[in-house]
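First up is the structure itself, then whatever we jot down about it.
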Amino acid sequence: MTTTAATPAGLTEREAERRLAARPQAPQEPSRSYHSIVVANVFTIFNLILLVFGVVTLAFGKAQDALFLAILVANSLIGIAQEVRAKWALDRLSALVAPTATVLRDGTARTVRVRAVVEGDTVLLEPGDQVVADGRLRRSNGLALDESILTGESAPVPHAAGDEVRSGSFAVEGTGAYVVTSVGDASYAARVAGEAREFRHPRSPLEASINRLLLALVVAVVALGGALVWTLWRRHTALHTAVPTTVAAVVTLIPEGLILLTSVTFAVAAMRMARRGALAQQLNAIESLASVDTVCIDKTGTLTDARLHVEALVPARDVDEGELAHAFARYAASTSIRNPTVAAIADRADVAAAEDPRGEVPFSSHRRWSALQLGDATYVLGAPELFPLGELEAVADHEAAEGRRVVALGTARGPLDSDALPRDLAPLGLAVLGEHLRQDARETIEFLQSQGIRVTVLSGDRPATVAAVAADAGVHTDAPPLDGSALPSDPAALRRLLAEHAVIGRIAPQDKRRVVDALTADGRFVAMVGDGVNDVPALKAARVGIAQGSGSQMAQAVADLVLVRGDFASVPALVAEGRKVLRNLQRVSKLFVSKSAFATFLILSIGLTPQPYPLLPRQLTVAGALTLGIPAFFLALAPSEGRYRSERFLFDVGRFAVPAGTAAGLGVLASYIFARNVARLPLAEARTIATTVLVLVGLYLILALEATSRRRATAVGSLVALMIGIYALILVMPAVRGFFALTAPGAGGVVISIAGAALAIAGLWLTDDRFVPGVVREST
């Protein structure tokens, strides 16, 4: 029902500008702040470890062995630069969907940015609008607010005139107006969007896996580094020998490039998605989207255009068509709710003067009806099945089966009660509303299903209407549509039902969430696409929430991705982009972890013995740059095909990295020991051989991992040849060679290097065919 108090005319525009100018303006950060970008790229545990060892090297060793500090700085700068570029792209896009408020200024309603709202403003609320500042209600027309961000309670809370409202909540039902009492830092307004997303979103699978991997590597660094330091101390090793040995071992253990590569890859993917009109409000939404195996979509605004049009008015018996058109016109002109159905009726009906209703029950998706008292008439607009239609029932069923939306209008008697339909309901007739299937809807559905993604359609319309539109869009299902009002309450029974049915009509907002929860409990990774207030509970529950840019502010605020241009057809491109980037990231991660496995092997095999360590830190730096640092940036952003799986990330990485790192260590150790103890070569030449073997084996691992097709093998082979050429230049240029403490290779050194690399590669071939270039592997 309606509760009112005198609604003020609002501030004058001049007074609002004066108050806005007098208020301190806090900087607006629609995306990640510059401070957080710098902190994330500079102040990491691995950077701290590298910095400590770099300072020790500069103090007690040779400056050349601290070269990894320059790599550390370069990595941080590259990561910061890429994320700042992504921030600029996302900020430009977020400006298109920045929250706004409708305020009364000089007695006229106008839309302003949230930051322009000042104390004393009168703000108008409709379903989907966010409460942008704290205030007190002056008018409530069945207003109910979603205050879950503030209280954790998901049920809408009714509010009457005089009640206080707080920013961070959203209008779910009804309309209202409130006078602002506090804004900015004094309220919750600045944190609305951030709190809404933080309230619902868990870590993505890849994030969780990488965090576990990094934790394990930190433990390995502490344990193995500590064992090495203790061993060197027990042997009373000279400081000028102990420092480069410890630094070389520990620095190799640290996959510092993996952290950089992950952040840069996500930032670049976010930029590419921004160019397609998708605003990533959660960085891990890119990875989560690639993991999706089930997409739940609303019908209206997703499969079909958001705008409805009236195709026909069908009067009841003994009702003239003109009488029905006039009744629809009165209702559309006088109701305070301007949803798509009312807008379509208003466009079709004759122009009628707006009347002040004596009472109103606003539309609610769980009630499925609304009511309006105008003069001596009480009109009820709602779902056809709520009315005693008689012979009109066959018309409603036929139109619904053809994919059209049908609403009924009738008259009633007695007082209005939001909890029950008015009594003596008599139908006046039907409005048949049409929707146009989006131009690319069929292609979009076809792509999703071809990628093994199941599509489930959830809608508040009649099941027959939803099923007809879904079939026209290409949603494959042999089972009949379900009636959302009859879904079982038992979660297990609901899961069994959803395993067979892909179309549900007449579903309430909370039941949409139950469907998403049931699919998630069944082991599915669910994305929800929606644009209205009734989609918000499901958007919150889904692992990936995708909102249309043309949808409600509430839906946009809780979503992980916002389709700014409102184009559902962009989803396949976003899925493909996310899967491409993350397939590459998974593969390249194996190379970084192989380096850690290699370091572990060397520490345990020779690092704890009296033998000089086979590699200096500067030599490891150049080998790492040629086999990891430079190639990784090309490989992470290159085109890719195949499956993407996040649930076996650590297992797949370990299956590759442990044998790869062990084989590389075996080749380096064997060639180094042979050069020192059999060929009796000087230490510098033996270390050159060890470095050469490491470079050759590392580049071979790139071929084995990436050359999965003839075309890709050509591109990757060219990259590997370029890296070998750079290494050859280092060896033949005296100044550069001397800087890295390498020697000009003789014939014997070349033979030993090739033999050591061949030993490692042969060991890999005997381990598994995944180390043979050109073999397509399921795990990649």
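The values are calculated or read from the model by the stated rules, or taken from the named source; none is laboratory data. Quick caveat: nothing in here was measured; it's all calculated off a predicted structure. Heads up, the Cβs are rebuilt from the backbone with ideal geometry, glycines too, and the neighbour counts pull from every protein chain shown. Note: areas computed on protein heavy atoms with side chains; ligands, DNA, RNA excluded. Shrake-Rupley method; radii C 1.70, N 1.55, O 1.52, S 1.80 Å.
Under the 0.36 nm per residue contour assumption, what length would be gained going from the current alpha-carbon distance of residue 318 and residue 343 to full extension?
Contour length minus the Cα-Cα distance gives 6.3 nm.
Which FRET efficiency, nearest 0.05, do residue 679 and residue 724 yield, Cβ-Cβ r, R0 30 Å?
So, using R0 = 30 Å, E works out to roughly 0.80.
Let me know the charge dipole size of the chain about its Cα centre in debye, to the nearest 20, where only the beta-carbon of Lys, Arg (+1) and Asp, Glu (-1) is charged.
Approximately 4580 debye in magnitude.
For region 402-455, go through all pairs of different Cα atoms, get the mean of 1/r, take its inverse, and jot down that Kirkwood value in Å.
15.1
Counting only the heavy atoms of the protein chains, how much of residue 593 is accessible to a 1.4 Å probe, in Å² to the nearest 10?
For residue 593, solvent-accessible area is about 20 Å².
Within the chain, what whole-number % of the accessible surface is contributed by carbon and sulfur, with the 1.4 Å probe and all protein chains included in the calculation?
Whole-percent figure for carbon plus sulfur exposure: 58.
Which value, in Å² rounded to 10, gives the accessible area of residue 602 with a 1.4 Å probe and all protein chains present?
0
Using a basic spin-label model with each label point 7 Å from the Cα along Cα→Cβ, how many nm lie between residue 576 and residue 493?
4.4
Counting DSSP beta bridges with both partners in the chain, what percentage is antiparallel, nearest 5?
Within the chain, antiparallel bridges account for around 75 percent of the total.
Set the Förster distance to 25 Å, then compute FRET efficiency between residue 307 and residue 451 from the Cβ-Cβ distance, nearest 0.05.
0.25
May I ask you to give the solvent-accessible area per residue for region 621-780, in square angstrom, as obtained with a 1.4 angstrom probe?
44
Longest span of the chain, sites excluded, free of chymotrypsin sites (Phe, Trp or Tyr not before Pro) in DSSP loop with at most 16 other C-beta atoms within 10 Å?
Of all site-free stretches, the longest is 200-780.
Largest first, please: the extent of the C-alpha atoms of region 315-357 along each principal axis, to the nearest Å.
30, 21, 15
Debye calculation, C-alpha points only, no solvent: report log10 I(q)/I(0) for region 617-706 at q = 0.17, 0.18 Å⁻¹, in the same order as the q values.
The calculated log intensity ratios at q = 0.17, 0.18 Å⁻¹ are -0.82, -0.89.
Of 104, 764, which has the most accessible area and how do the rest follow, probe 1.4 Å?
Largest accessible area first, the residues go 104, 764.
Quick one: dipole size for region 652-768, taken about the Cα centre, charges +1 on Lys/Arg Cβ and -1 on Asp/Glu Cβ, in debye to the nearest 20.
140
Which whole-number value in Å² is the accessible area per residue of region 495-584, probe 1.4 Å?
Roughly 25 Å² per residue, with all protein chains present.
Expressed as a rounded percentage, what relative contact order does the chain have, with Cα pairs under 8 Å and six or more residues apart?
Relative CO of the chain lands at 13 percent.
Please give the length that would be gained between residue 391 and residue 81 if that part of the chain were fully extended, namely 0.36 nm times their separation in residues minus their C-alpha to C-alpha distance (nm, one decimal).
104.8 nm
Calculated FRET efficiency, residue 239 and residue 73, Cβ-Cβ r, R0 22 Å, to nearest 0.05?
0.30
Where in the chain lies the longest segment free of GluC sites (Glu not before Pro) that are both loop residues by DSSP (not H, G, I, E, B) and have at most 16 other Cβ atoms within 10 Å?
After excluding every exposed loop site, the longest remaining stretch is 154-354.
In Å and whole numbers, how far do the C-alpha atoms of region 44-83 stretch along each principal axis, longest first?
36, 19, 9
Where does the Debye-calculated log10 I(q)/I(0) of region 331-402 sit at q = 0.23 Å⁻¹, using only Cα point scatterers of equal weight, no solvent?
Computed log10 I(q)/I(0) values: -1.16.
Stretch residue 229-residue 18 to full length: gain in nm at 0.36 nm per residue minus the Cα-Cα span?
69.2 nm
Please report the projected area of the chain's Cα convex hull averaged over all directions, in nm².
38.2
Which whole number in µm²/s is D for region 444-592 by Stokes-Einstein, with the Kirkwood Rh taken over Cα pairs at 25 °C and 0.890 mPa s?
For these conditions, the coefficient is 152 µm²/s.
Would you tell me the accessible area of residue 35, worked out with a 1.4 angstrom probe on the heavy atoms of the protein chains, in Å² to the nearest 10?
Accessible surface of residue 35 is approximately 140 Å².
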